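The values are calculated or read from the model by the stated rules, or taken from the named source; none is laboratory data. Computed from a predicted model, the values in this text were never measured in an experiment. Here the Cβ positions follow ideal geometry from the backbone for every residue, glycine too, while neighbour counts run over all protein chains shown. Side chains are part of the model used for accessible areas, which takes the heavy atoms of the whole protein and leaves out ligands, DNA and RNA. Shrake-Rupley method; radii C 1.70, N 1.55, O 1.52, S 1.80 Å.
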Amino acid sequence: MSDNKAKLDINGTVHDYPVLKGSVGPDVVDIRKLYGQTGAFTFDPGYKSTASCESGLTYIDGEEGVLLHRGYPIGQLAENSSFMEVSYLLLNGELPQQQELDDFSYTITRHTMLHDQLRQFYQGFRRDAHPMAIMCGVVGALSAFYHDSTDISDPEHRKISSHRLIAKMPTIAAWAYKYSVGQPFLQPQNDLSYTGNFLRMTFGVPAEEYELHPAVEQAMDRIFILHADHEQNASTSTVRLAGSSGANPFACVAAGIACLWGPAHGGANEAALNMLKEIGTPDRIPHYIERAKDKNDPFRLMGFGHRVYKNYDPRAAVMQKTVREVFDALNVKDPVFETALALEEIALNDDYFREKKLFPNVDFYSGIILSAIGFPTTMFTALFALARTVGWVAQWNEMISDPGQVIGRPRQLYTGPTERDYLSMDKR
Ligand code: SDX
């Protein structure tokens, strides 16, 4: 590969392919003409070496443990910004002026209410339905209510659909929790922050004024920031692929929610806390470490490892710090946190985890905070989906507004039977 060309010798013919450079990060070999020129496909199950798109939203350096949103490091955003401001940044590309932020927050706040008929959708679920099942269903149903904003070729339609999705996710998630505990739904309250509104709709009850704890509101808002966007992860790639067919954004986000649910992805926060509870006390950690290393045992350390990060996930560092802040503010102790710290210490000093570069990821500590705030583990991934919605719609907007956008349609290496004639029953 020279400065700007890669040479590929296929069946004795050498083909040149352009090498494209980003503003930072790995170069890419542009193989869009490969099949037409050679009749061959590339083969990359799991897309470990494949750049699926060009994007200016989020940059990750997995070796260095760097995460930037429109160039701003996640640690600085978590420390100094708010989820509304990070949402504006992801959608618009620059940090807002105060008036821009106020206008954006005002718009989002006034889209938090759900169409009253949507409440009927919850009645169709069993009370013990997993909140992610409810989120998939209710978010997908939104497209039946907003025909006035599903012309994806219209930037204004894209904008209002994006605002509606970002605004309504807290209400949808809070009501999923309320439904599971048999409590009445609370309507949004416009004098609260985005995150405060969510906490009140989740934990408030009609009989008394909900007392918002500032430290909890700040921790929850920071957790939303840490989950907002993350390059071309599985659920974002799902949203992009669904959107590439022209599907409406509500349906695309419902597809993203479905993908995020998996324990290898967003479902890991629920699985990680369940694992920590199963381990129980630090003296039982070595047994689980051995299980995680045993190739014949499907057990994995949930909340550890990452497709991109081969260093410490910068979000996990912020999350661990936030655990301490929330525990101090709420004056709580949780033996699970001590177990998590001990597990991290032991794993990071174990050759297996060091050789395979397995570090805690964003899901390792988040469940401990969410549990301390009062969320059941079944709500953890719903909270991840709530926060990731801004990333999904920002990535979807970036794709749809690209005039060169085409439907995503991967090919395959076919290893099935070659053509053969049908056999009648008596000849089989
Ligand atoms: C998220 O992509 C994103 O950006 C996702 C995310 C986001 O913000 O959108 O960051 C959110 O999904 C975080 C990841 C949450 N998932 C988990 O915590 C589940 C546990 N982790 C793993 O399942 C795994 O690490 C993945 C799925 C996260 C990554 O899998 P890869 O990149 O396909 O790596 P791999 O499975 O090929 O693992 C490489 C090796 C394997 O051993 P070998 O086959 O090489 O011998 O490491 C081992 C794996 O067995 N390994 C683990 C392990 N993770 C990987 N061994 C024990 N415990 C683990 N957690």
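Yes or no: Ala254 more than 7 Å from the ligand (Cβ to nearest atom), among the aliphatic types (A, V, I, L, M) and assigned by TED's automatic domain parsing to the domain that holds Asp229? Against the criterion (more than 7 Å from the ligand (Cβ to nearest atom), among the aliphatic types (A, V, I, L, M) and assigned by TED's automatic domain parsing to the domain that holds Asp229), Ala254 qualifies.
Reported count of residues in the range 307-344, each being within 12 Å of the ligand (Cβ to nearest atom) and surrounded by fewer than 21 Cβ atoms within 10 Å (Cβ to Cβ), is 3. Scanning the range 229-241 for residues that are more than 9 Å from the ligand (Cβ to nearest atom) and either assigned to a loop (DSSP other than H, G, I, E, B) or among the β-branched types (Val, Ile, Thr) (or both) yields Thr238, Val239.
Of the candidates Leu199, Leu276, the single residue that is assigned by TED's automatic domain parsing to the domain that holds Val139, part of a helix (DSSP H, G or I) and within 16 Å of the ligand (Cβ to nearest atom) is Leu276. Looking only at residues in the range 39-51 that are more than 16 Å from the ligand (Cβ to nearest atom) and free of Cβ contacts under 8 Å to residues at least 12 places away in the same chain, the one that is least open to solvent (accessible area, probe 1.4 Å) is Gly39.
Within the range 142-158, the residues that satisfy the criterion of being without any contact (Cβ under 8 Å) to a residue 40 or more places away in the chain and in a helix (DSSP H, G or I) are Ala144, His147, Asp148, Ser149, Glu156, His157.
Out of Tyr352, Tyr414, one residue alone is hydroxyl-bearing (Ser, Thr, Tyr) and within 16 Å of the ligand (Cβ to nearest atom). It is Tyr352.
The listed residues are Ser161, Ser149, and the only one of them that is out of contact with any Pro (no Cβ under 8 Å at 6 or more places or on another chain), of a type in the set (Gly, Ala, Ser) and crowded, with 18+ Cβ neighbours inside 10 Å turns out to be Ser149. Just checking: which of the helices (runs of 4 or more DSSP H) contained wholly in the range 298-387 hold 2 or more residues that are over 24 Å from the mean Cα position of the chain (by Cα) and over 19 Å from Ile279 (Cα atoms)? Once the helices (runs of 4 or more DSSP H) in the range 298-387 are filtered for at least 2 residues that are over 24 Å from the mean Cα position of the chain (by Cα) and over 19 Å from Ile279 (Cα atoms), what remains is 314-330, 351-355.
Starting from the range 230-242, keep only residues that are within 14 Å of Lys48 (Cα to Cα), then list their pairs with residues that are open to solvent by less than 40 Å² (accessible area, probe 1.4 Å) and within 9 Å of the ligand (Cβ to nearest atom) whose Cβ atoms are within a distance under 6 Å, requiring at least 6 positions of separation or different chains. Partner pairs satisfying both residue conditions: Glu231/Ile60; Ala234/His265. Restricting Leu192, Leu186 to those that are open to solvent by less than 70 Å² (accessible area, probe 1.4 Å), over 29 Å from Ser401 (Cα atoms) and touching a strand residue (DSSP E or B) at 6+ places or on another chain (Cβ under 9 Å) reduces the list to Leu186. When you look at Asp363, is it within 18 Å of Pro314 (Cβ to Cβ), within 11 Å of the ligand (Cβ to nearest atom) and modelled with pLDDT of 90 or more, yes or no? Against the criterion (within 18 Å of Pro314 (Cβ to Cβ), within 11 Å of the ligand (Cβ to nearest atom) and modelled with pLDDT of 90 or more), Asp363 qualifies.
Any residue at all in the range 390-412 that's of a type in the set (Phe, Trp, Tyr) and assigned to a helix (DSSP H, G or I)? Within the range 390-412, one or more residues are of a type in the set (Phe, Trp, Tyr) and assigned to a helix (DSSP H, G or I). Take the conditions (1) surrounded by fewer than 23 Cβ atoms within 10 Å (Cβ to Cβ); (2) modelled with pLDDT of 95 or more; (3) farther than 18 Å from Met135 by Cβ; Ala258 misses just one of them, which is (3). Only one of these conditions is not met by Leu186: (1) part of a helix (DSSP H, G or I); (2) more than 16 Å from the ligand (Cβ to nearest atom); (3) more than 20 Å from Asp313 (Cβ to Cβ); (4) of a type in the set (A, V, I, L, M). Which number is it? (1) is the only condition that Leu186 fails.
Yes/no matrix, rows are residues, columns are (1) away from the ligand (no atom under 14 Å from the Cβ); (2) in a loop (DSSP other than H, G, I, E, B):
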site: Val14; (1), (2): yes, no
site: Gln37; (1), (2): yes, no
site: Cys53; (1), (2): yes, yes
site: Tyr59; (1), (2): no, no
site: Leu77; (1), (2): yes, no
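Quick one: in the range 388-428, of everything that is among the small types (Gly, Ala, Ser) and closer than 30 Å to Met201 by Cβ, which residue is nearest to the chain's Cα centre (by Cα)? Per the criteria, the residue is Gly391.
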